[in-house]
Every structure is written in C-alpha cells, then in structure tokens.
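Peer 1: First the structure, then my questions, so here it is.
The values are calculated or read from the model by the stated rules, or taken from the named source; none is laboratory data. Since we're looking at a predicted model, the values are computed, not measured. Here Cβ is always computed from backbone atoms with ideal geometry, including for glycine, and neighbour counts include all displayed protein chains.
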C-alpha cells in the first residue's frame, strides 16, 4: 500500500502553476511549435515574468461563444496544452512575437486569484505510448488517410513537408499524430477532442477517422459544386 507521503509527493510532482493565455480556436499539442502575438499589456507583463522563470505558459481554448469577451476573463477548456517559450522577439512598442513548443497535456485543478493576468494550478495528464507493432499499424493507417486527403485539401507547397513527416522514422508516433492534428484538422472543437483523448494509440486512431471524415465531406462538397 502506498503511503500518504508518497501519494502527496507524486501528486505534487505532477502539478504546475502556470500563467494562462486563453485564445479562441487554439489548441497546443505536445511536441508542436506554434507562433503567438502578445500585445495586451497584461500579457506583455505575463511574458516578462515567464522569461524570468521557467518559461511555461498554459494555452487553453476559449469556449465557443465567448470570443467577444477576450478583453475580460472568458471561460476556457479544462484540458489544455502547456508549452515553453522557445524563441521570442520583443518590439519597441512592447508587443512580442513568440514561438512556443508544447510540452504537456494538462487538466485544470483550480484557477488562482487574478492579479495582472490569469494563473492556474494544473495537473499533467498521462499520455501512454503505443507499442511498436501497434504504433506501426496506426502510422500506416494515418499515412493512407493523409494520402487520400492531400489531393483535395493540401496546397502543393505543403505536400513535401507532410510527406517528409510521415516518412521520417525518427519522428515518433506522438509527434506525427500531434503535428497532423494541428495542421490538418480545421475544426477547433475536433482538435480539442483530440487533445483530450488520452493515449497516443487512441488519439492516432481518432485522428485517422477524422481525416477520412474530412475527406468525405470535401468530396461531397466538390460533387455538389460540379452538379450545380
């Protein structure tokens, strides 16, 4: 039986206190790089504090319907990505362009009293990795789904990076799944559902299904246009 002290230590080791940068239609997956523009004074202050610390920021998605409340404190998703500032440029007017790389899927424990910007305590979520044989099977399924989608939805100049990602055996399945979820899935609610799906195996299978569904919708739309 695990003693209370060990349970407490394990819990504490999996919790983080991070500033929150809520954004509409945005989902940050582990191992994925995303650019952001920081212009509000409170988030300029947040960035300055982050750069003096461990560099971590939580990126929750603002709930649909509250996009007009960004200047206040709109509600956001309870499962979100936490990332680290990988690079940044601060301009003379105090605004900044930053690049973040996702580190963890996390779940909100509690939002802390707001000072200048929002902060929260979060718990890192487990993300089990598939075994080698299962990972290879899921990768093949995703590759087939992407190849069927590409002629309908991917511009020519974006096809080569996609092909390289799928062919690069050194890129693990988590990186492939999370990157494709970011660049191929347009609906933020679907991307959020993928982020909330625990385990790379389950997320990979769901991603393949979503890519096939997207292809089917595009084919129907194209057929309707041809018949019009």
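Peer 1: Which members of the stretch 78-114 meet the condition of being surrounded by fewer than 19 Cβ atoms within 10 Å (Cβ to Cβ) and closer than 15 Å to residue 26 by Cα?
Peer 2: Passing the criteria: 78, 99, 101.
Peer 1: A follow-up question, please. Condition first: touching a residue at least 24 places away in the same chain (Cβ under 8 Å), touching a helix residue (DSSP H, G or I) at 6+ places or on another chain (Cβ under 9 Å) and on the phi > 0 side of the Ramachandran plot. Can you find one or more residues in the stretch 93-110 that meet it?
Peer 2: yes
Peer 1: Among residues belonging to the stretch 116-144 that are surrounded by fewer than 13 Cβ atoms within 10 Å (Cβ to Cβ) and out of contact with any helix residue (DSSP H, G or I) (no Cβ under 9 Å at 6 or more places or on another chain), point out the one that is farthest from residue 168 (Cα to Cα).
Peer 2: 126
Peer 1: Can I ask one more? Restricting to the stretch 197-214, name every residue that is surrounded by fewer than 19 Cβ atoms within 10 Å (Cβ to Cβ) and within 18 Å of residue 151 (Cβ to Cβ).
Peer 2: 212, 213, listed by residue number.
Peer 1: Further question on the same structure: Please indicate, with yes or no, whether at least one residue in the stretch 67-76 is surrounded by fewer than 19 Cβ atoms within 10 Å (Cβ to Cβ), out of contact with any strand residue (DSSP E or B) (no Cβ under 9 Å at 6 or more places or on another chain), under 25 Å from residue 13 (Cα atoms) and not assigned by TED's automatic domain parsing to the domain that holds residue 195.
Peer 2: No: the stretch 67-76 contains no residue that is surrounded by fewer than 19 Cβ atoms within 10 Å (Cβ to Cβ), out of contact with any strand residue (DSSP E or B) (no Cβ under 9 Å at 6 or more places or on another chain), under 25 Å from residue 13 (Cα atoms) and not assigned by TED's automatic domain parsing to the domain that holds residue 195.
Peer 1: Looking at 190, 182, which one is part of a helix (DSSP H, G or I) and in contact with a strand residue (DSSP E or B) (Cβ under 9 Å, 6 or more places away or on another chain)? Give the steps one after another, and end with the answer.
Peer 2: Working: 190 fails: in contact with a strand residue (DSSP E or B) (Cβ under 9 Å, 6 or more places away or on another chain).
On inspection, the qualifying residue turns out to be 182.
Peer 1: Go through the residues of the stretch 152-161 one by one and say whether even a single one is crowded, with 17+ Cβ neighbours inside 10 Å and closer than 22 Å to residue 194 by Cα. I'd like the intermediate steps shown before the answer.
Peer 2: Taking the stretch 152-161 as the starting set, the residues that turn out to be crowded, with 17+ Cβ neighbours inside 10 Å are none.
The answer is no, given that none of the residues of the stretch 152-161 is crowded, with 17+ Cβ neighbours inside 10 Å and closer than 22 Å to residue 194 by Cα.
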